[in-house]
Amino acid sequence: MEFDETYWDNRYKNGTTGWDIGHISTPLKTYFDQLEDRSLQILIPGGGNSYEAQYLFEKGFQNVFVLDLSETALSNIQKRMPSFPKEQLIHQNFFDFEGSFDLIIEQTFFCALHPSLRKAYAEKMHQLLQPNGKLVGLLFDFPLTEEGPPFGGSLQEYDSYFSPLFKIDLLERAYNSIPPRAGKELFLKLLKK
């Protein structure tokens with residue numbers, strides 16, 4: 001199966017979005033709550049309905065950009081938050097996107113990509129980050145199978161993709177996952193080398 005624009009848009013149209021918890025996840029909220037610089041350029045790739053973008057925007061972060069293949073997901077954000085700048089909702093393939101950001105947020109995007117794209121994902125994240133930029137978010141920690149998305153993985157596997165390009169500040173079991181994901185998430189904070 002090809003996980004292309006039509007596939008993802010149909011998932012949003014049909015409401016088959018089991019990864020969507022309907023609110024910001026606790027680990028990301030906790031991380032966002034300690035950020036002080038409201039001028040940060042922030043990207044949320046594969047952002048979907050992006051409650052993360054909503055939370056940040058409502059806290060005064062004006063430079064938040066959501067990138068997604070699904071027009072339906074981006075339209076859902078616009079309907080939910082009419083004041084969110086439409087030009088910051090970007091309908092494009094992540095691997096074709098160009099930009100420069102201080103912070104990129106990972107929330108159920110990595111696990112949605114076919115595992116064959118993981119090395120390219122790490123390289124693209126490195127390219128999109130400004131010097132000293134950070135990639136922060138959550139990765140699933142359960143065995144990788146051919147069934148997905150979501151596709152799982154392990155700390156050792158993730159380390160192999162990221163350590164050549166990033167200083168790993170944090171890559172460990174999330175202590176404050178929502179109950180259905182407890183013990184199945186790793187929190188990551190990577191600094192661009």
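The values are calculated or read from the model by the stated rules, or taken from the named source; none is laboratory data. As the structure is a computational prediction, the values presented were derived from the model and not from experiment. Cβ coordinates were reconstructed from backbone atoms using ideal geometry, including for glycine residues, and neighbour counts include every protein chain displayed.
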**Asked** Yes or no: THR72 farther than 20 Å from PHE166 by Cβ, in contact with a helix residue (DSSP H, G or I) (Cβ under 6 Å, 6 or more places away or on another chain), of a type outside the set (D, E, K, R) and in a helix (DSSP H, G or I)?
**Response** yes
**Request:** Out of GLU106, GLU123, report the one residue that is among the acidic types (Asp, Glu) and outside any strand (DSSP E or B).
**Result:** GLU123
**Message:** Out of the residues in the range 154-193 meeting the condition of being farther than 15 Å from THR30 by Cα and among the polar types (S, T, N, Q), tell me which one is surrounded by the fewest Cβ atoms within 10 Å (Cβ to Cβ).
**Reply:** GLN156
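Conditions tested, residue by residue: (1) at pLDDT 95 or above; (2) buried (at least 22 other Cβ atoms within 10 Å of the Cβ); (3) in contact with a strand residue (DSSP E or B) (Cβ under 8 Å, 6 or more places away or on another chain).
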site	(1), (2), (3)
GLY22	no, no, no
GLN34	yes, no, no
PRO45	yes, yes, yes
GLN78	yes, no, yes
**Checklist (1) more than 18 Å from ASP68 (Cα to Cα); (2) in a helix (DSSP H, G or I) applied to LEU170, failing item** = (2)
**Prompt:** Are any of the residues in the range 72-87 without any contact (Cβ under 8 Å) to a residue 40 or more places away in the chain and within 21 Å of LEU190 (Cβ to Cβ)?
**Reply:** no
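Within the group TYR31, TYR12, TYR7, which residue is assigned to a helix (DSSP H, G or I), out of contact with any Cys (no Cβ under 6 Å at 6 or more places or on another chain), within 22 Å of GLU147 (Cβ to Cβ) and touching a residue at least 12 places away in the same chain (Cβ under 8 Å)?
Values: TYR31 fails: within 22 Å of GLU147 (Cβ to Cβ); TYR7 fails: touching a residue at least 12 places away in the same chain (Cβ under 8 Å).
After applying the criteria, what remains is TYR12.
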**Asked** So which residues in the range 3-20 are within 19 Å of GLU106 (Cβ to Cβ) and modelled with pLDDT under 85, if there are any at all?
**Response** PHE3, THR17, GLY18, TRP19, ASP20
